[in-house]
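Everything on this sheet refers to the single structure shown next.
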Amino acid sequence: MIAITRYRVPEQESAGFAETMAAVLDALAASPGYRAGSLARTVDDPALWALVTEWDGAGYYRRALGAYEVRVRFIPLAALAVDEPGAYEIVTSRAAGQRPEKNP
C-alpha cells in the first residue's frame, strides 16, 4: 500500500518544510510495516510537494500516524496539505527492466 499526501508550500517556507518533512520521514521509518518513503517536489510547480510512503498495509500506515513522535512533527504541516484521499492499494507494479511474465 502506498500513501501520498500532497502539500501546497509557499516558496519562503520550502527550506523549513523540507527539513521538517525529513524528520517526519525518520519518525515514520521507525514504525512497524514501513517499507520506504520519499519527499518530492514537482518540477512544473515548485510550491507543490508530495510525501510518498510505502507500507505493508493500511493498518500499519494508520497506526504509524497515531504515534506520538509522528503526530508532533506531522500535525503542524496539516494546514499545508491538499485535501484529497491519500491511501492507495497497489494493483500492479513493475521494476526497472522487468517484463511481464507470459502465460504458457
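What follows is calculated from the coordinates using simple rules that are stated; it is not laboratory data. Remember, predicted model here, so these are calculated numbers, not experimental data. A quick note on method: Cβ atoms are made from the backbone with ideal geometry, for glycine too, and the neighbour counts reach across all protein chains shown.
Annotation for the chain: GluC sites (Glu not before Pro) lying in DSSP loop with at most 15 further Cβ atoms inside 10 Å of their Cβ are 89, 101. Highest mobility in the GNM of the chain, judged by mean-square fluctuation with C-alpha springs under 10 Å and restricted to 26, 83, 44, is found for 44. For the pair residue 38 and residue 58, the difference between a 0.36 nm per residue extended length and the Cα-Cα distance amounts to 5.4 nm. Note on the chain: with a GNM built from Cα contacts shorter than 10 Å, the maximum mean-square fluctuation among 77, 51, 28 falls on 77. So how far apart, in nm, are the two label points at residue 89 and residue 12 if each is 7 Å from Cα heading toward Cβ? Label-label distance for residue 89 and residue 12, simple model: 4.5 nm. The calculated FRET efficiency for the pair residue 67 and residue 99, based on their C-beta separation and a Förster distance of 35 Å, comes to about 0.35.
Under a model in which nothing but the beta-carbon of Lys, Arg (+1) and Asp, Glu (-1) is charged, the range 2-88 shows a dipole of about 300 debye around its Cα centre.
For the chain, the square roots of the Cα gyration tensor eigenvalues, ordered a ≥ b ≥ c, give a/c of at least 1.5 with a/b no greater than b/c, which places it in the oblate category.
Springs between Cα atoms under 10 Å define the GNM used for the chain, and in it the highest mean-square fluctuation of 93, 31, 14 occurs at 93. Helix 14-29 and the longest principal axis of the Cα set of the chain meet at an angle near 50°. When the charge dipole of the chain is built from unit charges on Cβ atoms (+1 for Lys and Arg, -1 for Asp and Glu) and taken about the Cα centre, the candidate among 68, 42, 29 whose Cα reaches farthest toward its positive end is 29.
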